[in-house]
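Before any comments, here is the structure.
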Amino acid sequence: FLSERAQPIKDKIGIIAKEMYGAREVVYSEEAEAKIKLFTEMGFSALPICMAKTQYSLSADQDKKGVPTDFELPIKDVRVSVGAGFIYPLCGTMATMPGLPTRPAFYDIDLDPETQQIVGLF
């Protein structure tokens, strides 16, 4: 591992950004700073980090293809998946998908044999 679980969240993010990605520095938005503070206060700071960024580059800029170096890595937001057990910083502009429920909705969808109407969609 690159970092120890006990290290602060920003230290773990910085190690990944600089040692793995080749970033010069990490720049945090106000929202990211506030979330890091909140997650630390809530006792989640020992969770591992899973960076969310473009797949096209080690930077957050998809136009910087391959392995750029000496760049700023912007952290726009930081989220936590407590059940899965990790913190995921959003590098640059990222679209994320919502988590799925433990019980799929299709279990509640059926066809009423008398009315031939679909039930359970809403």
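The values are calculated or read from the model by the stated rules, or taken from the named source; none is laboratory data. Model, not experiment: these values are computed from the prediction. Every residue, glycine as well, gets a Cβ built from its backbone with ideal geometry; the counts of neighbours run over all protein chains shown. Surface areas here come from the heavy atoms of the whole protein model, side chains and all, with no ligands, DNA or RNA. Shrake-Rupley method; radii C 1.70, N 1.55, O 1.52, S 1.80 Å.
Basic side chains Lys and Arg get +1 at the Cβ, acidic Asp and Glu get -1 at the Cβ, and with that the dipole of the chain about its Cα centre reaches some 500 debye. Toward the positive end of the charge dipole of segment 1-117, with +1 on the Cβ of Lys and Arg and -1 on the Cβ of Asp and Glu, the farthest Cα among Thr115, Thr102, Ser81 is that of Ser81.
Gaussian network model of the chain, Cα springs within a sub-10 Å range: biggest mean-square fluctuation belongs to which of Tyr56, Tyr28, Tyr107? Its mean-square fluctuation being the largest, the pick is Tyr107. Taking only the C-alpha atoms of the chain, Rg followed by Dmax gives 19.7, 68 Å.
When Ile109, Ile49 are compared by accessible area at a 1.4 angstrom probe, the order from most to least is Ile109, Ile49. So if a site counts as exposed when it's one of the trypsin sites (Lys or Arg not before Pro), its DSSP state isn't H, G, I, E or B, and it has at most 13 other Cβ atoms within 10 Å, what's the longest stretch of the chain without one? With a cap of 13 other Cβ atoms within 10 Å, the longest stretch comes to 66-122. Averaging the Cα positions of each part gives two centres, and for segment 1-51 and segment 101-120 these lie 43 Å apart. Given the rule -39500 (n - 2.57) for each run of at least 4 DSSP H residues, summed and divided by the residues of the chain, what is its mean residue ellipticity at 222 nm, to the nearest 500 deg cm²/dmol? Rounded to the nearest 500, the figure is -4500 deg cm²/dmol. Comparing Pro89, Pro48, Pro98 in a Gaussian network model of the chain (Cα springs below 10 Å), the most mobile by mean-square fluctuation is Pro98. Only Cα pairs under 8 Å and 6+ residues apart enter the sum, and on that basis the relative contact order of the chain stands at 23 percent. The residues Phe39, Phe86, Phe106, sorted by heavy-atom accessible surface at 1.4 Å with ligands and nucleic acids left out, run Phe106, Phe86, Phe39 from largest to smallest. Seen from Val119, the other residues with C-beta closer than 15 Å to its C-beta sum to a net charge of -4, counting Lys and Arg as +1 and Asp and Glu as -1.
With a 1.4 Å probe and every protein chain kept in, tell me what percent of the accessible surface of segment 21-122 is carbon plus sulfur. Percent of accessible area from carbon and sulfur atoms in segment 21-122: 57.
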